[in-house]
Each structure stands twice: as structure tokens, then as C-alpha cells.
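Okay, handing you the structure first.
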Amino acid sequence: MSSFTRRTFLSASAGGLAASALAMRSVHAAPSAVAGPTVEDAFALRKAGKKIPVVFDTDIGGDIDDTWALLMLLNSPELDVKLVVSDYKNGTYRAKVLAKMLEVCGRTDIPVGIGLDKGDRGEDQADWVADYDLGKYPGRVYEDGADAIIQTIRQSKDPVTLIAVGPVPNLPEVLRRAPDVAEKARFVGMHGSVRKGYGGSEEISAEWNVRADPAALRAVFKARWEKTVTPLDTCGIVHLAGPRYARIHGCQTPGAKALMENYRVWTEAQEKRGNKMPDPAQRSSTLFDTVAAYLGYSEDLLEMETIKLVVTDNGFTRIDDGGSPVRCAMAWKDLDAFEEHLTERIVRSG
Ligand SMILES: [Ca+2]
């Protein structure tokens with residue numbers, strides 16, 4: 001329920017000026033304090049010589065940037081990836097992409113969860129998993145990905161960072177079944193458009209991950225965990241080209257090779273539908289989700305700002321005093337340094 005709806009409901013049901021003033025006050029006095037671990041708690045684990053436990057919730061198999069983000073997570077020594085879960089439609093297909101990438105990278109110690117929607121219709125990386133049998137994944141596969149998220153968060157000794165880089169229908173279900181997870185995890189997402197839109201545009205956009213399921217993100221924002229996002233303001237301008245891209249394109253690690261194979265498969269599928277794409281031998285597409293992966297262990301290169309946001313029914317994240325406080329990566333301190341860092345993460349081994 002949005003605060004606007006809640007306020008309207010309270011006013012209408014209580015009736016009278018005094019009652020509605022009281023209702024207004026109670027809404028504004030409602031605790032917005034974070035119930036769970038903060039970014040400081042997560043980063044303190046590193047100072048204590050520990051890794052940050054991560055759950056990755058992803059619509060991998062759609063846009064290619066999720067595959068980049070997965071490889072970045074696997075190659076980040078600050079992180080301990082405990083679970084990866086497919087989200088938003090075709091959960092079985094997406095789980096195959098996850099499982100095959102983990103297998104290629106020698107990381108079958110990481111379990112794969114299937115999201116709420118068990119569909120298996122292939123999207124733009126379908127050719128890469130055409131012959132892949134999820135039943136033969138050497139690691140664990142959880143049919144109920146939402147339950148796997150709950151159990152992983154509950155069983156972790158240290159606070160979990162939940163990194164979500166797609167529309168998030170799994171998460172309202174997680175919060176409905178287990179509201180306590182908001183006290184043991186913090187949320188990091190690639191969501192929204194606050195002051196800038198796609199491609200650095202001055203016009204804000206109904207960003208895809210929000211527009212595809214606004215109610216799901218609204219539930220995530222309402223939960224009392226700490227929320228951190230990279231909106232289009234920062235993630236929408238990340239690309240690799242030139243010598244950095246050439247390093248990745250020529251890299252012989254199994255992970256980087258698989259990433260480039262996927263990129264070619266994805267580009268061909270897009271072009272078959274008439275979309276004009278960058279040449280995968282020359283440069284990357286926009287690498288939105290890699291910024292959420294980075295926020296899992298560092299904010300050094302970004303300007304962070306806490307902004308109250310509401311999620312509209314048509315997929316906008318609008319600044320509103322009645323909204324939920326969300327820590328937003330609003331600008332780059334040093335985008336060039338991030339692109340160098342991202343390149344290093346992709347070409348390294350494990
Ligand atoms: Ca995504």
C-alpha cells in the first residue's frame with residue numbers, strides 16, 4: 001500500500017478533521033528507521049577479515065548485463081555468493097543460464113534457486129543453454145527459490161546483502177512468508193530513474209525493472225530493511241570500449257570466454273528482431289547491473305544520497321516526502337576508475 005493510499009484510507013475511514021490530522025501525524029511519525037543491517041555493518045565484515053554474504057536475485061537471460069554482473073560477483077574476493085535465484089518470468093530458463101555460468105566458472109558450490117514463475121521459454125541467451133540439462137547441475141537446485149532466499153538469510157551468521165538486478169516479484173513473496181528477513185538482510189538494487197533517464201537523459205524514465213512490476217519494488221521499498229539502489233542516473237552510462245573492452249574480448253579465462261559467447265548469442269537474437277546492436281567485437285552494451293554488484297562491497301567511486309522515493313503504477317521512482325528513504329547512487333565520483341575496476345574484475349580468475 002502506498003503512503004498516499006494509506007493516508008487517503010485513514011482520512012476517509014476515521015472521518016472528521018481531528019481524526020484525519022491524527023492519521024496524518026501517525027503516518028508521518030511511522031518509524032522509517034532501518035530494522036536490519038546497514039551498509040556499515042556489511043562493510044565492517046571486510047574490516048574484520050570476513051567476506052560479505054550475498055544472495056543474487058536476477059532476470060539473467062534477458063539483457064546481457066546480468067551475466068556481466070554475475071561474473072563480477074564471482075570474481076570479487078570481498079563477497080561470498082551464497083545463492084543465486086532467477087526472478088521475473090521463465091525462472092527455469094534463467095536458472096539454466098545461471099547454472100551453466102556457475103559450472104563454466106567452476107563454482108558449482110553455489111546453489112541455484114528457481115524463481116516463482118517456473119516458465120522455461122528461452123529468451124535472448126536461449127541458444128547458449130539449448131542443450132543444458134538443469135537436472136545435471138552438480139550443485140544444488142532449489143525449486144522454491146523464494147524459500148531458498150529465506151533459508152539462506154535466516155541461516156547466515158553474518159548479515160546478508162541481497163543484490164537484485166531485475167524486476168523483483170520473488171521478493172514480496174519472500175517478505176510475506178518471512179517478514180523477519182528484513183531484519184537480517186540489506187537490499188541493493190538496480191532500479192529506477194531519479195534525476196536522469198536512459199543514456200544520461202535529462203528526462204526521467206520509467207526504468208524497465210520498475211515498470212515491469214511496480215508493486216513488487218513498492219513492497220521492497222516499504223520493508224524495513226536498508227535500501228540502496230543504483231538508478232539510471234549512475235548505472236545508465238556505464239559501457240566498455242577501446243583497450244579495456246579489448247582486454248575482456250581477448251581474455252581466455254573460462255568465465256570471460258563464456259561471457260563473450262553469451263554476448264554474441266544475445267546480440268544475434270536481438271538483431272534477428274531488427275534491433276540495432278553494438279558490435280560485440282568492439283564494445284559492450286550498457287552494463288547497468290554491474291553497478292549493483294559493485295555496491296555490494298564498495299561505494300567509494302559513487303556519490304550516495306538518501307532520497308525518499310515512491311514507486312508509481314506506471315513505473316517511475318518519484319521523489320516524494322511521503323516515500324521510503326532509499327540510499328541512491330546519484331553520481332559518479334570517478335566513472336573512468338569504475339570502468340577500469342570493472343575490467344579488472346571481469347578478466348581475473350575467481
Ligand atoms: Ca537485469
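Condition first: surrounded by 18 or more Cβ atoms within 10 Å (Cβ to Cβ), touching an Asp or Glu at 6+ places or on another chain (Cβ under 8 Å), touching a residue at least 40 places away in the same chain (Cβ under 8 Å) and under 23 Å from Phe338 (Cβ atoms). Can you find one or more residues in the stretch 251-261 that meet it?
No, because not a single residue in the stretch 251-261 is surrounded by 18 or more Cβ atoms within 10 Å (Cβ to Cβ), touching an Asp or Glu at 6+ places or on another chain (Cβ under 8 Å), touching a residue at least 40 places away in the same chain (Cβ under 8 Å) and under 23 Å from Phe338 (Cβ atoms).
Of all residues being within 15 Å of the ligand (Cβ to nearest atom) and among the β-branched types (Val, Ile, Thr) in the stretch 244-298, which is farthest from Leu74 (Cα to Cα)? Just the residue, please.
Ranking the qualifying residues of the stretch 244-298, first place goes to Thr286.
Could you look through the stretch 219-239, keep only residues that are of a type in the set (Lys, Arg) and surrounded by fewer than 22 Cβ atoms within 10 Å (Cβ to Cβ), and pick out the one that is farthest from Ser324 (Cα to Cα)?
Start the filter on the stretch 219-239 by keeping residues that are of a type in the set (Lys, Arg), which leaves 222, 224, 227.
Okay, now just the ones that are also surrounded by fewer than 22 Cβ atoms within 10 Å (Cβ to Cβ), so 222, 224.
On the way: Lys222: 6, Arg224: 9 Å.
Checking each candidate, the answer is Arg224.
Please pick out the residue among Asp124, Asp158, Asp131 that is more than 30 Å from Glu226 (Cα to Cα) and buried (at least 16 other Cβ atoms within 10 Å of the Cβ). Break it down stepwise before answering.
Numbers: Asp158 fails: more than 30 Å from Glu226 (Cα to Cα); Asp131 fails: buried (at least 16 other Cβ atoms within 10 Å of the Cβ).
After ruling out the rest, the residue left standing is Asp124.
Next question, about the same structure. Is it fair to say Glu40 is among the acidic types (Asp, Glu), away from the ligand (no atom under 16 Å from the Cβ) and touching a residue at least 12 places away in the same chain (Cβ under 8 Å)? Before the answer, list the steps.
Values: among the acidic types (Asp, Glu): yes; away from the ligand (no atom under 16 Å from the Cβ): yes; touching a residue at least 12 places away in the same chain (Cβ under 8 Å): no.
Answer is no for this residue.
Please identify the pairs in which a residue from the stretch 276-295 that is in contact (Cβ under 8 Å) with a residue 60 or more places away in the chain and among the β-branched types (Val, Ile, Thr) has its Cβ atom under 8 Å from the Cβ atom of a residue that is within 11 Å of the ligand (Cβ to nearest atom) and not in a helix (DSSP H, G or I), counting only partners at least 6 apart or on another chain.
Matching pairs, first to second residue: Val291/Met190.
OK, next. Just to verify a result, which residue in the stretch 43-87, among those that are assigned to a helix (DSSP H, G or I) and without any contact (Cβ under 8 Å) to a residue 24 or more places away in the chain, is nearest to the chain's Cα centre (by Cα)? Outline the logic, then answer.
Filtering the stretch 43-87 down to residues assigned to a helix (DSSP H, G or I) leaves 43-47, 65-74.
Within this subset, residues satisfying the condition of being without any contact (Cβ under 8 Å) to a residue 24 or more places away in the chain are 44, 47.
Numbers: Ala44: 22, Lys47: 24 Å.
By that ranking, first place goes to Ala44.
Every number here is computed from the coordinates shown, using simple stated rules; none is lab data. Fair warning: this is a prediction, and the values are worked out from it, not measured in the lab. Cβ: placed from backbone, ideal geometry, glycine included. Neighbour counts: every protein chain shown.
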